[in-house]
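Undergrad: Can you keep this structure in mind? I'll have questions shortly.
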Amino acid sequence: MQQYLLSIYQPDGDPPPPEVLEPIMANMAALAQEMKAAGAWVFNGGLYPPSTATVVQLQDRDVLTTDGPYLEGKEHIGGFTVIQAPDLDSALEWGRRFARVLAPLSIEVRPMADDADGCDPPVG
């Protein structure tokens, strides 16, 4: 089965207050349980804010490290889930379910390359 990355994009800034966030997190936990029961869930994780990022980059034979995100923007990836699904349509259905729980946040669904694929997207 193909693996897919479901990236959760959220706006920069403080998280919602507990009375808003707690029901969302409870719904996400329930959805994760459904994914596990269906055999789709591989793993997931949340990320600290972009301000905690460190960028490592080679420039003129020197490896430089700089604080902060690689790209500045109004949104960042706040978390992700890796799933396995038989096809893109099935992965998109999980993405739709994420979008319903996390509205108005955007969910990006992207196939993951493996050693057999190289970097070519799956066909079919």
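The values are calculated or read from the model by the stated rules, or taken from the named source; none is laboratory data. If you're wondering where the values come from, they're calculated on a predicted model, not measured in any experiment. As a convention, Cβ positions derive from the backbone with ideal geometry for all residues, glycine included, and neighbour counts pool all protein chains shown.
Undergrad: Does GLY78 meet the test of being under 18 Å from the mean Cα position of the chain (by Cα), surrounded by 11 or more Cβ atoms within 10 Å (Cβ to Cβ), in a strand (DSSP E or B) and not aliphatic (A, V, I, L, M)?
TA: So GLY78 passes the test.
Undergrad: Let me ask something else. Inside the stretch 27-45, can you point out the residues that are within 17 Å of ALA103 (Cα to Cα) and either part of a strand (DSSP E or B) or not hydrophobic (A, V, I, L, M, F, W, C) (or both)? Steps first, please.
TA: Kept after step one, since they are within 17 Å of ALA103 (Cα to Cα), are these residues of the stretch 27-45: 27-32.
Answer for the stretch 27-45, where residues must be within 17 Å of ALA103 (Cα to Cα) and either part of a strand (DSSP E or B) or not hydrophobic (A, V, I, L, M, F, W, C) (or both): just ASN27.
Undergrad: Looking only at the stretch 15-53, filter to residues that are under 15 Å from ILE77 (Cα atoms) and among the polar types (S, T, N, Q); which one of those is modelled with the highest pLDDT?
TA: Ranking the qualifying residues of the stretch 15-53, first place goes to ASN44.
Undergrad: For residues that are modelled with pLDDT of 95 or more and more than 13 Å from the chain's Cα centre (by Cα), scanning just the stretch 93-112, find the one that is surrounded by the most Cβ atoms within 10 Å (Cβ to Cβ).
TA: VAL101
Undergrad: Tell me which residues, restricted to the stretch 52-67, are touching a strand residue (DSSP E or B) at 6+ places or on another chain (Cβ under 8 Å) and within 25 Å of VAL82 (Cα to Cα).
TA: ALA53, THR54, VAL55, VAL56
Undergrad: Which numbered condition in (1) free of Cβ contacts under 8 Å to residues at least 60 places away in the same chain; (2) β-branched (Val, Ile, Thr); (3) part of a helix (DSSP H, G or I) is the only one that ILE24 fails?
TA: So the condition that ILE24 fails would be (1).
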